[in-house]
Amino acid sequence: MPDTIKKSTIKSINPFNNELEKEFIEMEDAQVDAIIQNADIAFQTWRKVPFAQRAIIIKKVASILRERKTELGILATKEMGKLLRESIAEVELSANIFDYYADNAASFLSDSPLEVAHGEAFLSYEPLGVLLSVQPWNFPFYQITRSAAPNLMAGNTMVLKHASNVPQCAKVMEDIFLEAGLPQGVYNNIFIQGKAVERLVSNPAIKAVTLTGSAPAGASIAGAAGSKLKKSTLELGGSDPFIVLDDADIETAAKTTVYGRMWNAGQVCVSPKRVIVAETIADAFLEKVETLFAGLKIGDPMDESTDVAPLSSEKAANDVISQIDKASAQGATIVTGGKRTQSSGSFVEPTLITGITPDMDAYKEEIFGPVFMMYVYKTIDEAIEIANATEFGLGGSVFGTDIKRAQEVARRIDTGMVYINHVTGIAPELPFGGTKQSGYGREQSPAAIYEFVNAKLIRTTSPDKAY
Ligand code: NAP
């Protein structure tokens, strides 16, 4: 085996059995620079391709994803461990997002007239150029899609650096774009380590950057972009609050939170990580949650009957265990779970923690695994205080029967998205993004397509009326 491969950090390791599936050679700087240059050259042509033609290609991407959803789902499950049914649903969601932008980009980006006292004024939306996109492993297809669908339809070209543990998903998406007819150079996968990304930001051909991932990675590339006066958007971590009001249907709320929290083995940025329950129903709610936990089946993610998949890697599993141990050492109650399982895979037991107080790290941190933290509140003010206590501000939920009241509570939560009677959800037409340390900018919905275009004013008037 050549040294370059032996040293590579770009590898698929199946978290169910921790066996190496495949590894890829890391690209040299010169190779990456050539890819960026090609993307810049491709931009000169792609920007002129009419929306209708771009839409044909992007719709083809969607149809390939649908045709191959099982095969692609298996690939994602083997690379990062999630349940196969979740992987397949992710591929379907990605197809829907591609269709959404193929269908709507021309209308979103048509000239937008402005009301003026005389003459004419309108905004013309023009693509920026090569976008550098850095994405995480937890939704290997959907994360690429969120970034690629609006930007390719807008006429930008892209260089995508995916997480080092999902290289096969990264490569297959590049192949699918080409198969769908996207011209060479418009979408480009690069195999490099995260720490090698910052250098690319200063390349003059890179016009803007977007990253989904952790706060340190976001700070690194947004800082580099800022120093070069380039625009960035960031989708970072979250510790979503889920407030259960005293009039909530307890059984439905318990099911929604437990299954929501176990989705993707808890490795979802918008997962109900902190469940905040009214004191009057807390005992009954906890009892339901414990019953549901007792019924959860951990196991093979390919098996339809499995509820809780392995985490994405040994490191991820061990990091979650360290956070649980720390919470326990600081005085929280581990009601159930809290350990690795005996299996050879990267499993963590579904874990239920209560008794978390403001002095504990768990009160503020994000735990990226199957860990359900339950809080009890006496007043709505107290619930809001707990909900807003973290630095994160991504999603959140309010569960209750009186919808108007739930919506008023939602207004007081400092996040980018709040869902009533549901965990934070995802749909092509709904904006996705956060505030505070969860980042800035929006993906999906019409909003996403305006992030990386120049909204250029074109004003027609006569010299005597220019002001
Ligand atoms: P991460 O370490 O930040 O990795 C995410 C991506 O950034 C990977 O491609 C990674 O490459 C790259 N990267 C790492 N360090 C970098 C650096 N210094 N400069 C540039 N790129 C760098 O994130 P993670 O811990 O694997 O992912 C989980 C986090 O992502 C959680 O906090 C989760 O909440 C968040 N997330 C947020 C959203 C959202 O929409 N807000 C969605 C999904 C996940 P390598 O793999 O090569 O290190």
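The values are calculated or read from the model by the stated rules, or taken from the named source; none is laboratory data. Since the structure is predicted, the reported quantities are computational estimates derived from the model, not experimental observations. Positions of Cβ are generated from backbone atoms using ideal geometry, with glycine treated the same way; all protein chains shown enter the neighbour counts. For the accessible areas, the whole protein counts, side chains as well, though only heavy atoms, and no ligand, DNA or RNA atoms are used. Shrake-Rupley method; radii C 1.70, N 1.55, O 1.52, S 1.80 Å.
Number of residues in segment 155-203 that are basic (Lys, Arg), within 8 Å of the ligand (Cβ to nearest atom) and either farther than 20 Å from Lys230 by Cβ or not assigned by TED's automatic domain parsing to the domain that holds Glu67 (or both): the value is 0.
Yes or no: Ser239 of a type outside the set (Asp, Glu), in contact (Cβ under 8 Å) with a residue 40 or more places away in the chain and buried (at least 24 other Cβ atoms within 10 Å of the Cβ)? Can you show your working first?
Details: of a type outside the set (Asp, Glu): yes; in contact (Cβ under 8 Å) with a residue 40 or more places away in the chain: yes; buried (at least 24 other Cβ atoms within 10 Å of the Cβ): yes.
Here the answer is yes, as Ser239 does meet what is asked.
Within segment 399-422, count every residue that is open to solvent by 20 Å² or more (accessible area, probe 1.4 Å) and either assigned by TED's automatic domain parsing to the domain that holds Leu152 or within 21 Å of Phe285 (Cβ to Cβ) (or both). Please lay out each step first, then the result.
Taking segment 399-422 and keeping what is open to solvent by 20 Å² or more (accessible area, probe 1.4 Å), we get 401-405, 407-408, 411-412, 414-416, 418-422.
Subset that is either assigned by TED's automatic domain parsing to the domain that holds Leu152 or within 21 Å of Phe285 (Cβ to Cβ) (or both): 401-403, 405, 418-422.
Within segment 399-422, residues that are open to solvent by 20 Å² or more (accessible area, probe 1.4 Å) and either assigned by TED's automatic domain parsing to the domain that holds Leu152 or within 21 Å of Phe285 (Cβ to Cβ) (or both) number 9.
Consider Tyr450 carefully, then state whether it is touching a residue at least 60 places away in the same chain (Cβ under 8 Å) and open to solvent by 40 Å² or more (accessible area, probe 1.4 Å).
Details: touching a residue at least 60 places away in the same chain (Cβ under 8 Å): yes; open to solvent by 40 Å² or more (accessible area, probe 1.4 Å): yes.
So Tyr450 passes the test.
Among the numbered conditions (1) open to solvent by 10 Å² or more (accessible area, probe 1.4 Å); (2) within 14 Å of the ligand (Cβ to nearest atom); (3) not in a loop (DSSP other than H, G, I, E, B), the only one that Ser124 does not meet is (2). Among the residues making up segment 3-20, those that are within 27 Å of the chain's Cα centre (by Cα) and modelled with pLDDT under 95 are Ser8, Thr9. Has segment 134-142 got at least one residue that is open to solvent by less than 10 Å² (accessible area, probe 1.4 Å), within 16 Å of the ligand (Cβ to nearest atom), closer than 28 Å to Ile56 by Cα and in a helix (DSSP H, G or I)? Checking segment 134-142: at least one residue is open to solvent by less than 10 Å² (accessible area, probe 1.4 Å), within 16 Å of the ligand (Cβ to nearest atom), closer than 28 Å to Ile56 by Cα and in a helix (DSSP H, G or I). Residue pairs whose Cβ atoms lie under 8 Å apart, separated by 6 or more positions or on different chains, with the first residue in segment 426-445 and farther than 24 Å from Thr390 by Cα and the second open to solvent by 60 Å² or more (accessible area, probe 1.4 Å) and among the aliphatic types (A, V, I, L, M), are Gln444/Leu430; Ser445/Leu430. Scanning segment 138-171 for residues that are aliphatic (A, V, I, L, M), in contact with a Phe, Trp or Tyr (Cβ under 8 Å, 6 or more places away or on another chain) and closer than 27 Å to Ile41 by Cβ returns Ala148, Ala149, Leu152, Met153, Ala154, Met158, Leu160, Ala170.
Just checking, does segment 282-299 include any residue being out of contact with any helix residue (DSSP H, G or I) (no Cβ under 7 Å at 6 or more places or on another chain), within 15 Å of the ligand (Cβ to nearest atom) and on the phi < 0 side of the Ramachandran plot? Scanning segment 282-299, I find no residue that is out of contact with any helix residue (DSSP H, G or I) (no Cβ under 7 Å at 6 or more places or on another chain), within 15 Å of the ligand (Cβ to nearest atom) and on the phi < 0 side of the Ramachandran plot, so the answer is no.
If the condition is being assigned to a loop (DSSP other than H, G, I, E, B) and either hydrophobic (A, V, I, L, M, F, W, C) or not assigned by TED's automatic domain parsing to the domain that holds Lys255 (or both), then segment 340-354 contributes only Phe347. Of Ala455, Ala427, Ala447, all but one fail to be under 15 Å from Pro150 (Cβ atoms), assigned to a strand (DSSP E or B) and more than 11 Å from the ligand (Cβ to nearest atom); the exception is Ala455. Report whether or not Thr280 is under 21 Å from Ala387 (Cβ atoms) and without any contact (Cβ under 8 Å) to a residue 40 or more places away in the chain. Yes.
Looking for whichever is in contact (Cβ under 8 Å) with a residue 60 or more places away in the chain, open to solvent by 10 Å² or more (accessible area, probe 1.4 Å) and of a type in the set (S, T, N, Q) here; the options are Ser322, Ser344, Ser328. Which one fits? Full working, then the answer.
Numbers: Ser322 fails: in contact (Cβ under 8 Å) with a residue 60 or more places away in the chain; Ser328 fails: in contact (Cβ under 8 Å) with a residue 60 or more places away in the chain.
Matching residue, one of Ser322, Ser344, Ser328: Ser344.
Got at least one residue in segment 33-51 being farther than 30 Å from Glu349 by Cα, at pLDDT below 95 and open to solvent by 80 Å² or more (accessible area, probe 1.4 Å)?
Residues of segment 33-51 that are farther than 30 Å from Glu349 by Cα, as a first pass: 33-51.
Filter once more, so that each one left must be at pLDDT below 95: none.
The answer is no, given that none of the residues of segment 33-51 is farther than 30 Å from Glu349 by Cα, at pLDDT below 95 and open to solvent by 80 Å² or more (accessible area, probe 1.4 Å).
Annotation for segment 240-257: at least one member residue is at pLDDT 95 or above and within 14 Å of the ligand (Cβ to nearest atom).
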